[in-house]
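Everything below concerns the one structure shown next.
The values are calculated or read from the model by the stated rules, or taken from the named source; none is laboratory data. Because the structure is a prediction, the values reported are computed rather than measured. With ideal geometry, Cβ positions are generated from the backbone for all residues, glycine too; neighbour counts draw on all protein chains shown. Heavy atoms of the whole protein, side chains included, go into the accessibility calculation; ligands, DNA and RNA do not. Shrake-Rupley method; radii C 1.70, N 1.55, O 1.52, S 1.80 Å.
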2 protein chains.
Amino acid sequence: MSLLNYFKRTKPNTARLAKERLQILVAHERSARNQPSYLPELQKELMAVIKKYVQVNQDDISINYESDDDQETLELNIVLPEHD
Amino acid sequence: MSLLNYFKRTKPNTARLAKERLQILVAHERSARNQPSYLPELQKELMAVIKKYVQVNQDDISINYESDDDQETLELNIVLPEHD
């Protein structure tokens, strides 16, 4: 199953009533341990790019970062402001 | 179930033998139809940011873009070159 199918499968039926959302997932599957992580810095640059395209309030961004030996994952969830 | 769990659940057992991979997913859940999509342009800028952090060969990037009425999804799969 592709990740695209996963997004579709889990989309709630109430989506049309909800605010617009933007979700970004970055997963890095590492071959070597103990190599420095660039995801925190990457996160800042991704946010700078996103802000060029959509209005984002800092309060509407939730960030989740997880790391283990061979995988690190960065998750950005952004609720976009309503527009007319 | 969070998306983070999804990543972990689907990680193959052969991951440690594989090359490093970077995967980026951008999902935009829209409240209004017919609004212009910014994901193709966003994709170019994301790639420019990624290339600042990791060596990426164009041949090692696969891109998948899907769109329907209220959801568009951009998927970037990048196989990173081996390093010593």
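What the table shows:
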item: Positions within the stretch B:54-83 being exposed (fewer than 15 other Cβ atoms within 10 Å of the Cβ) and within 10 Å of chain A (Cβ to nearest Cβ), in sequence order; result: B:ASN64, B:ASP68, B:ASP69, B:GLU82, B:HIS83
item: Residues (in a loop (DSSP other than H, G, I, E, B) and either in contact with a Phe, Trp or Tyr (Cβ under 7 Å, 6 or more places away or on another chain) or loosely packed, with under 13 Cβ neighbours inside 10 Å (or both)) located in the stretch B:29-53; result: B:ALA32, B:ARG33, B:ASN34, B:GLN35, B:PRO36, B:TYR38
item: Subset of the stretch B:15-28 (residues that are modelled with pLDDT under 90 and either assigned to a strand (DSSP E or B) or open to solvent by 60 Å² or more (accessible area, probe 1.4 Å) (or both)); result: B:ARG16, B:LEU17, B:LYS19
